[in-house]
Structure formats: C-alpha cells, structure tokens
1. List every residue pair whose Cβ atoms lie under 6 Å apart, where the two residues are 6 or more positions apart in sequence or sit on different chains, the first residue falls within segment 238-264 and is touching a residue at least 24 places away in the same chain (Cβ under 8 Å) and not assigned by TED's automatic domain parsing to the domain that holds residue 444, and the second residue, located anywhere, is acidic (Asp, Glu) and within 10 Å of the ligand (Cβ to nearest atom).
2. So for segment 265-272 (the condition being in contact with a Ser or Thr (Cβ under 8 Å, 6 or more places away or on another chain), in the same structural domain as residue 341 (by TED's automatic domain parsing), buried (at least 20 other Cβ atoms within 10 Å of the Cβ) and in contact (Cβ under 8 Å) with a residue 12 or more places away in the chain), does at least one residue qualify?
3. Of the residues in segment 442-481, how many are among the acidic types (Asp, Glu), in a helix (DSSP H, G or I) and touching a residue at least 24 places away in the same chain (Cβ under 8 Å)?
4. Which ranges mark the strands (runs of 3 or more DSSP E) fully within segment 190-300 that have 1 or more residues being basic (Lys, Arg)?
5. Cβ-Cβ distance below 8 Å, separation of 6 or more or different chains: which pairs start in segment 280-305 with a residue that is over 15 Å from residue 353 (Cβ atoms) and in contact (Cβ under 8 Å) with a residue 24 or more places away in the chain and end on one that is of a type in the set (Phe, Trp, Tyr) and not in a strand (DSSP E or B)?
6. Applying the selection to segment 94-109, what residues are farther than 17 Å from residue 441 by Cα and away from the ligand (no atom under 15 Å from the Cβ)?
7. Whether any residue in segment 328-351 is touching a Phe, Trp or Tyr at 6+ places or on another chain (Cβ under 6 Å) and assigned to a helix (DSSP H, G or I) is what I want to check.
8. Consider residue 446 against the criteria (1) closer than 19 Å to residue 94 by Cβ; (2) more than 11 Å from the ligand (Cβ to nearest atom); (3) of a type in the set (Val, Ile, Thr): it satisfies all of them except one. Which criterion is unmet?
Amino acid sequence: MRDGENLPRSHSPPLPFFLSSINQMASIVICGAGIAGISAAYFLAHNGARDIVLVDERAPLSLTSDKSTECYRNWWNDAAMVALMNRSIDLLDDLARARANVFHLNRRGYLYVTADKSRIAEFMRAGQQAESFGAGKLRVHSELDVGNWKLDVGERYVQHPTSNFQFPNTGADLILDRALIREQFPYLSERVVAVLHARRCGWLSAQTLGMDLLEQARARGVRFISARVESIAVRDNAVRGVRLSNGTTIATEIFVNAAGPFLKNVGQMLGIELPVFSELHQKISFADALGAIPRDAPMLIWSDPQHLEFSDAERALIAEADELRGLLAECPAGAHTRPEGGAGSTIALMLWAYHTPPVAEKFPLAFDPLYPQIVLRGMTTMLPALEKYFERPPKPILDGGYYTKTRENRPLIGALPVRGAFVIGALSGFGIMASCASGELLANYILGNSLPPYARAFAPERYDDPAYRAWIENQNESGQL
Ligand SMILES: Cc1cc2nc3c(=O)[nH]c(=O)nc-3n(C[C@H](O)[C@H](O)[C@H](O)COP(=O)(O)OP(=O)(O)OC[C@H]3O[C@@H](n4cnc5c(N)ncnc54)[C@H](O)[C@@H]3O)c2cc1C
C-alpha cells in the first residue's frame, strides 16, 4: 500500500494545479525532521492539529541535530532571546517531569572564566543586563573592594546539582573571591581572577529528547515520509501542494520550511529569499582518560582572547594555510568544554569557534584535521591538566555541522509572504535549547492561537521595518558560542 492510501476520502483538499498527479493529501506538510521540524510536529499534534506529514530525505535528527553540544541557557544579551529561552526551558522542565527525565536534563550552569581583571566589569554589566532582561538575579561574591558597585554579598554561593534539573537558583553568581573560586573549581588555572556562573543553564540528551517528541507526535497520528521535498506548488500566492523525490505529490494548504541548513534552498522553492547564511562549526569528543575535566563540572567557557604558542615549524605550516593564519594573531574568546555521559563515562566535548566565516552548505562536511590540536591548546589555558595530553594526544572524534543563522542571530519563526507557508529555522547554535518554545510558537501561528510578546522579534516580517534593519546594522556581538 502506498503511504496515505488509507486517508479518509471525506477530506477535501484545495484544487491544486497538478491535480492529475496527486496521490496524497495532508493538512500540514513539514519539510525537515531535525529538532525544529519534530518539535513543530509535536506541538501541532499536541494542540489538536491532525493529518500532519513530516518529510525528510534523511533519518530524523541525523543532519545537524545530533551533532550539537546539547547545552542550553537563558543567558543572552538580547531580551527577546531571554524570553524565548525562558519559555523553552519551562517546557523542557515540564517534559522532563512528565517523562521521568528520559533525556537527562541537568542544571549545572555555564561557567564563564577570566584571567583578566578588566573583564570583571564586563561580567558585571552582562549580569546586570541579563537580570534586567528577566534571566534572574545577579549575586556577587567578593572579598574585594569593587568601588561603587552595589554588591549583594549576603547570599552564599550554592553549588550546582550534578544530574538534577530541579534547582531553584536562576540568574548568575559572579565570584571575585579567589579563595572561593579555588575551593569550588580547583581544576581551573591559578591565573583565574573571576568566574560568572549562569544558573538556568545546563545540558541534556538532544537525541533522546528529539526521538521522544517524535514518538509522541507519531502516537498522535503524525506520519513520517522518507523522501526529499523537490518542489512546492504555489497558485494565487497560496500553497497548494508539494512534490517529493519518491514520485509522491501531496495536496496541502500548509507547508512548513524546517530544512535546517537547506532553509534558503527550500525557501527558494516558494519564490522567497530568506535572509540566512551558514557557518561550519566543529566539535571534538574524546576519552579524557587522565580526568582533566572533572565529571561534575559545569559547562566551562574561557572568556578571554588568547595567543597560542607554536614551535617555529608549526608557525611556518600555519602561515601557509589561509584559513589558519589567524591563529598566529590573537585568537577569539569562547573555547568551551564539558564532560559527557553518565556514570562510568570519561568522554569530554570541546569546541572553539576560532575561524567560522560564512560558507556554502555542502555535504559531506569537510573538517580541519588540525582542529583537535588547536582546540586542545586553547583549552589548556583554562585547564592546565590538559597539558599532559601534549605528549600523547587523545584520539578524538571530530564532527560538527552548520550554524544557519540570520545577521542578528535571532531565529526565523512564523508566517511567510506566501499564504499557508511557514518557517522555523535559522536556529544557529541554539536550536536544541530553543526547540520547544520555537515549535510551540510555530504551532500557535498555524493554529491561529494568541502569540506571546516575543513572537514579533522572530517573525520573518520584522525585516519590513526600516528601524529594525537599522538596529541590525548596529549589532556586532551576538554572545553565540
Ligand atoms: C557543533 C555544533 C554545536 C551545537 N551546540 C548546540 C548547543 O549546545 N545547544 C543548542 O541549543 N544548539 C546547538 N547547536 C545548534 C543545533 O544543533 C541546531 O540549531 C539544530 O540542530 C538545528 O535543527 P534544525 O532542525 O533546524 O536542522 P537539522 O537538524 O539540520 O534538520 C533539518 C532537516 O531538514 C532536512 N531537509 C532539508 N532539506 C530537505 C528537503 N528538501 N526535503 C526533505 N528534507 C530536507 C534535512 O535532511 C535535515 O534532516 C549546535 C550545532 C553545532 C553544529
């Protein structure tokens, strides 16, 4: 039996121009079964939509969504992003409670680390700004006289739970007391002068979350079709149907572009140019046999730019490669790492986006074989115990994917100028953490439900506003890791 032969015949589709070739009907077709498409399908089905088809030419979650660091945070320098992430984390908490935390949500936090006293003022400003955006209170723990700053030194620093996500503290703890830093994080470099511990943050198993949402969506009738969306029929500026690589045509009035790195390409099938581009981000995972990264650590982020040391031979090699020459100058802040896996695991993940220019999306991905060495060296500045690996480097697994993003690094979620066409994408380096609130928001658009105040910040039509376009031009730092 072909997919959909058992669809109820009473269903009356729009009259499509390719009527003769139609062999299926659906209320909603979602292109892309990454975390974005799956979350959209889940929230649509959960909120009563029926007859939903999810189409992907690959296995669900297998292109970008299973390559992430799986971390989340409500810690952003953008009020709309704080609101979106707070909602997403609320939904993750609800799901974790309802599903016995099958996806291992924890709340270890993000620890931003500096060895530069002048960055303390930056941490302080970031904390105050995040607090004003609704990320939670900033608490300062200091033994120093920090001038006019209003210090809240009354509260004790509270350690993070290792695996529990039910932790009451939000906001951040700025620790300036070096004795407290050494007591809590003895594995950090002795040069560290301050750490900022953002608390409504942590990580989870993205694959388990995604598969759980997909199973629940399927239990509510969502159908998965393994094929490529090849074209979209549009008539009178309205969606009429889609044509798939397996020869199937599906009549539908609602089409969702959740194509991840192919967002632009699928947008063009609708005659729409989406304002997105992609960067290739790499990641290593390796067995930390020497235990340089403690198993109970939070996400650790080196917040200072740094110069890497190279031998003369290495310098000569690097100077020859266009994409690596930048390593001889000052390298950007942001090298980050975390332990991965439960009891018995020694795996650690490491990332550092020191060279991520916009690139064309091409698969299979080509990774830089020098990346593991570079990221290990950069990380050693924060975690000196890693130096032991210089002699005998661990054998890493190198993978990664595209951050497909907008110029201002906000996602695209909402209706497109073709009637019945919607988008959920440009999820950049935050698609796992934003997945639940993004899927819920898209479902609210399609179902005509009321929208939260943050919806406007992510709607594609925001670019119609000249003031918004001018604002984007003045953005230079997204806070993206
Ligand atoms: C190295 C790295 C680290 C990251 N770390 C984090 C992190 O810590 N936290 C976080 O929140 N996010 C992180 N991210 C970002 C996150 O992984 C992405 O934002 C998210 O996975 C994007 O999901 P998506 O569903 O939009 O895209 P994808 O997962 O790429 O899914 C898109 C799907 O669309 C399908 N598709 C495309 N075109 C078609 C077509 N024409 N027909 C049929 N199917 C089609 C593809 O086959 C694919 O399966 C990271 C990303 C990378 C690369």
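1. none
2. Scanning segment 265-272 turns up no residue that is in contact with a Ser or Thr (Cβ under 8 Å, 6 or more places away or on another chain), in the same structural domain as residue 341 (by TED's automatic domain parsing), buried (at least 20 other Cβ atoms within 10 Å of the Cβ) and in contact (Cβ under 8 Å) with a residue 12 or more places away in the chain.
3. Summing the residues that are among the acidic types (Asp, Glu), in a helix (DSSP H, G or I) and touching a residue at least 24 places away in the same chain (Cβ under 8 Å) in segment 442-481 gives 1.
4. Answer list for segment 190-300: 223-226, 229-235, 238-244, 277-287.
5. Pairs that qualify, where the first residue is over 15 Å from residue 353 (Cβ atoms) and in contact (Cβ under 8 Å) with a residue 24 or more places away in the chain and the partner is of a type in the set (Phe, Trp, Tyr) and not in a strand (DSSP E or B), are 290/389; 292/187; 292/389; 293/187; 294/187; 297/185; 297/187.
6. Listed by number, the residues that qualify are 96, 97, 98, 99, 100, 101, 102.
7. no
8. Single failed check for residue 446: (1).
The values are calculated or read from the model by the stated rules, or taken from the named source; none is laboratory data. In this text the structure is predicted, and so the values were computed from the model without any measurement. In this analysis, Cβ positions are derived from the backbone assuming ideal geometry, glycine residues included, and neighbour counts consider all displayed protein chains.
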